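Written out below as structure tokens is the structure these notes cover.
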Amino acid sequence: MQEEHKHTCIVCGLEKTEGIHIVTQFICDSCEREMVRTDVKDEKYPFYIHQLKQLWIQDNIS
Ligand SMILES: [Zn+2]
């Protein structure tokens with residue numbers, strides 16, 4: 001039943017098999033690379049930070 005370990009990426013919302021786990025959440029390989037590449041001045045950067053902050057908040061609550 002669980003041959004493929006697909007996880008829903010919190011950034012793009014797609015189901016991927018490769019990526020990283022942060023706390024209980026998952027970020028796919030392509031988004032992770034995108035985040036590393038993203039400059040602080042990039043308009044996407046606050047979005048990533050926002051997503052990550054939600055992870056830390058969730059972790060603190062639970
Ligand atoms: Zn993704």
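None of the figures in this text is laboratory data; all of them are computed from the coordinates on show. Given the structure is predicted, the values throughout are model-derived calculations rather than measurements. When we count neighbours, we look across all protein chains shown, and the Cβ atoms used for this are built from the backbone with ideal geometry, even at glycine.
Quick look at the numbers
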| read-out | value |
| --- | --- |
| 17 Å Cα-Cα reach of Lys44 towards lysines, excluding residues that sit fewer than 8 places from it in its own chain | Lys53 |
| Sequence ranges 25-31, 40-46, ranked by mean other-Cβ count within 10 angstrom, highest first | 25-31, 40-46 |
| Ellipticity estimate at 222 nm from DSSP helix runs (n ≥ 4, -39,500 (n - 2.57)) divided over the chain, nearest 500 | -13500 deg cm²/dmol |
| With Cα atoms, 0 to 90° folded angle of helix 45-61 axis to the chain main axis | 60 degrees |
| Relative frequency of Cα-Cα separations exceeding 19 Å in region 7-61, percent | 25 percent |
| Relative contact order (%) - criterion: Cα under 8 Å, at least six apart; region: the chain | 25 percent |
| Simple spin-label estimate for His5 and Ile20 in nanometres, 7 Å along Cα-Cβ | 1.6 nm |
